[in-house]
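The values are calculated or read from the model by the stated rules, or taken from the named source; none is laboratory data. Quantities reported herein were computed from a predicted structural model and do not represent experimental measurements. Virtual Cβ from ideal backbone geometry, glycine too; neighbours counted across all protein chains shown. Just the protein is used for accessible areas: all its heavy atoms, side chains included, with ligands, DNA and RNA removed. Shrake-Rupley method; radii C 1.70, N 1.55, O 1.52, S 1.80 Å.
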Number of protein chains: 2
Amino acid sequence: MAEKNRQWCLKRRVEASELIGAQNFEFIETDIPAPADGQVLVRTLVLGTSPAQRGYVSDGRSMHEKLAVGAVMRGRGVAVVVESKHAAFKPGDVLTASVGWQDYSVHTPTESNMSIFNIAKITNATKPLSLHIGLLGGAGATAYFGLLDVGQAKAGDTVVVSAAAGGIGSLAGQIAKLNGCRVIGICGSDAKAQWITRDLKMDGAINYKTENVEARLKELCPQGVKVFFDNVGGAVLEAVLNNLATRARIAICGFISTDYAIGQQSGLANYGNLVRNRARIEGFYIFDYIPRFAESEAKLRAWYEAGQISSCEDFDDGLERMPDTLASLFKGTNQGVKMNRVAPDP
Amino acid sequence: MAEKNRQWCLKRRVEASELIGAQNFEFIETDIPAPADGQVLVRTLVLGTSPAQRGYVSDGRSMHEKLAVGAVMRGRGVAVVVESKHAAFKPGDVLTASVGWQDYSVHTPTESNMSIFNIAKITNATKPLSLHIGLLGGAGATAYFGLLDVGQAKAGDTVVVSAAAGGIGSLAGQIAKLNGCRVIGICGSDAKAQWITRDLKMDGAINYKTENVEARLKELCPQGVKVFFDNVGGAVLEAVLNNLATRARIAICGFISTDYAIGQQSGLANYGNLVRNRARIEGFYIFDYIPRFAESEAKLRAWYEAGQISSCEDFDDGLERMPDTLASLFKGTNQGVKMNRVAPDP
């Protein structure tokens with residue numbers, strides 16, 4: 001391996017209202033690390049993205065540990081073992097891990113960190129391998145448990161999904177359909193609206209950039225919104241609060257519209273509708289569902305293998321593009337689970 | 001009965017920022033009505049109050065039917081039968097009903113309207129009879145189900161109650177103590193703070209008028225707030241959202257601080273903490289719990305008869321004071337369940 005290891009390292013924390021991008025990172029080359037006893041050297045194949053990654057490198061409040069300036073940017077991905085000094089792994093094995101924004105990384109699998117959100121060997125290696133951090137990984141589990149467990153969506157319910165063309169939203173909308181719900185997706189372009197209704201079979205779409213969301217919800221959900229799977233927050237959440245059905249459930253997955261906005265937020269002025277409609281807003285955190293991941297993975301795999309669900313992947317190609325890949329989440333230009341193809345599947 | 005029937009009738013709807021009061025009503029005298037076959041004539045003994053009553057006579061949004069101008073003001077109370085043309089009632093029987101703000105009223109008990117929130121005969125007539133619209137009526141049930149069912153308060157939980165010296169809050173705080181919780185009450189005066197800690201045995205109190213609620217919550221609830229029983233909303237709810245424990249539950253009973261305020265509300269800017277803490281806000285409506293009222297009444301009665309809970313009644317005397325009695329809820333001058341003693345218990 002004469003090759004070098006390319007890495008994106010944190011150069012400067014992202015500022016409150018700044019769109020994260022290449023200016024925050026430095027793209028360097030170092031030597032490929034060597035594994036010690038008990039370690040594996042892996043090569044990154046696919047890197048995933050998450051709005052939470054912005055939290056790692058901002059000064060803002062976050063649920064996650066902050067990344068030090070100079071450190072390799074943190075991120076989960078699919079990787080292949082290229083050299084192993086660990087009994088449970090051999091070259092060619094594939095795994096998901098927090099590999100970081102780099103070509104190569106060394107890991108120390110221990111009994112305690114070999115789990116779905118640490119180092120997880122992929123034993124049922126459905127291809128493309130990107131499925132294992134998308135539909136069959138955190139994105140799928142988030143959509144599944146957020147919709148069915150937190151949102152308690154049931155057949156016949158009118159379900160609204162925001163960022164419905166996004167990674168998690170596109171899966172949540174399809175899972176709702178597979179569970180017998182009527183689904184309205186909110187998204188940011190006519191092309192996305194067409195995609196989620198025609199290809200993903202959602203029952204209706206609202207383009208929040210060109211339409212009055214509150215008025216359109218009133219038209220499309222005349223009985224009110226029973227379950228809202230929210231990735232967005234802010235004005236869209238306010239619009240849904242003004243269109244709640246009795247005993248509605250709102251599962252807050254994220255709030256990309258407001259969490260990184262500047263200055264004082266206006267917030268939910270109309271939360272009183274929660275009382276008028278005996279409704280609920282609940283935030284959730286996918287790590288709490290790790291003990292139940294086998295359940296979501298089995299369901300999602302079965303739907304996928306039966307051709308009933310699309311995995312909705314949106315790829316950029318090349319590690320050098322990774323800052324832009326992450327930035328696309330905040331620009332809303334992605335369609336499906338946004339990932340970066342660092343190297344081809346073996 | 002040469003006596004007349006005194007009535008408070010709606011003269012003018014209450015305006016958005018107006019404190020409801022005598023200026024909105026007319027106090028008139030009419031003849032005492034005569035019951036027809038199947039009807040009972042009752043005399044009002046006690047009238048209760050609720051913030052919702054303001055909604056009946058405002059132009060604002062309300063869950064309740066609006067009252068016509070000129071009509072007798074609607075309100076629940078305890079009454080005694082003075083004349084009966086109904087087989088199931090005899091003079092001297094006591095009942096709770098929507099008697100309105102008047103001395104005498106005629107009712108038509110039917111099978112379908114003889115229930116806890118329509119015409120309910122008091123068969124276990126613990127005295128004072130006011131208990132049946134306070135501790136053993138809607139106030140007690142609201143505190144009981146809001147805290148234990150919506151809020152899911154359990155032994156060991158740190159519970160915060162807003163308007164903790166108010167009718168429902170004073171009961172919710174005591175019920176939390178009886179269930180093994182640690183209870184911090186938020187209230188509006190040092191006298192109330194002393195009352196809820198010394199007499200009602202809550203573990204701490206915060207005077208929101210003189211103290212920084214958020215900072216004091218941080219001191220008094222170092223592990224965060226696990227359950228919040230909220231009667232107030234607005235800034236107090238924001239302060240609690242900044243002090244949530246993981247998997248916290250917020251039961252919204254009401255929002256007297258904001259529902260009648262003027263202009264655009266600032267709302268919940270920090271609802272993102274619901275995700276960071278995997279927490280829940282849920283609105284509830286006590287009418288949904290009617291099928292379970294026997295459960296709350298039995299528990300509350302047992303605690304009351306064992307001397308373990310105080311009924312916390314705050315009386316005005318005399319029907320002529322009724323507009324002020326209701327206004328006191330919005331001024332926050334009441335301590336306990338605010339009622340008006342229209343006539344002595346028989």
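Chain B and chain A together bury an accessible surface of about 3000 square angstrom, both sides counted, with a 1.4 Å probe and no ligands or nucleic acids included.
One decimal place: the segment A:Arg321-A:Ala191 gains 44.4 nm when fully extended, by the rule 0.36 nm per residue minus the C-alpha distance.
Sorted from shortest to longest, the distances between the B:Lys218 label points of this copy and the other copies are 4.3 nm, with each point 7 Å from Cα along the line through the beta carbon. In whole angstrom, region B:1-102 maps to an equivalent ellipsoid with semi-axes of 28, 15, 11, each derived as √(5λ) from the alpha carbon gyration tensor and ordered largest first.
Label-to-label distance for A:Phe287 and A:Gln223 is 3.9 nm, based on points extended 7 Å past Cα in the beta-carbon direction. From the alpha carbon centroid of region B:45-109 to that of region A:1-79 is 67 Å. Mean partner shielding of peptide B:281-288, defined as the number of other chain Cβ atoms within 10 Å of each residue Cβ, is 6. Using θ = phi - 60° in the Karplus curve 6.51 cos²θ - 1.76 cosθ + 1.60, the 3J(HN,Hα) couplings for region A:4-21 round to 9, 9, 8, 9, 9, 10, 5, 9, 8, 4, 7, 7, 3, 10, 7, 6, 4, x Hz; x is entered for Gly and Pro. Note on the protein assembly as shown: Cα Rg divided by 2.2 N^0.38 Å, N the number of residues, gives 1.14.
In whole Å, how far is the Cα centre of region B:180-243 from that of region B:265-312? Value for the Cα centre distance between the two parts: 16 Å. Just to be sure I understand the curve: with the Debye formula and one point per C-alpha of chain B, what is log10 I(q)/I(0) at q = 0.07, 0.11 Å⁻¹? With no solvent term, the Cα-only Debye profile gives -0.30, -0.72. Overall, the accessible surface of chain B at a probe of 1.4 angstrom is composed of carbon and sulfur to the extent of 50 percent. The residues neighbouring B:Thr158, those whose beta-carbon lies less than 13 Å from its own, together hold a net charge of +4 under the Lys/Arg +1, Asp/Glu -1 convention.
A simple spin-label model places the labels of B:Arg12 and A:His64 5.9 nm from each other, with each point 7 Å out along Cα-to-Cβ. Compared with the dominant principal axis of the Cα atoms in chain A, helix A:293-305 is inclined by about 80°. When B:Met114 is represented by a point 7 angstrom out along its Cα-to-C-beta vector, the spacings to that point in the other copies are 7.0 nm, nearest first. Pairwise alpha-carbon distances in region A:139-287 exceed 22 Å for 30% of all pairs.
By definition, a body whose alpha carbon gyration tensor gives a ≥ b ≥ c is oblate when a/c is 1.5 or more and a/b is not larger than b/c, and region A:95-135 fits this oblate description.
Between identical copies, the spacing of A:Ala235 label points, each set 7 Å from Cα toward the C-beta atom, reads 2.9 nm from nearest to farthest. Around the amide H of A:Asp93, modelled in the peptide plane, lie the amide H atoms of A:Val81, all under 5 Å away and 5 or more residues distant in sequence or on another chain. Protein-only accessible surface at a 1.4 angstrom probe places the residues A:Thr158, A:Thr333 in the order A:Thr333, A:Thr158, largest first.
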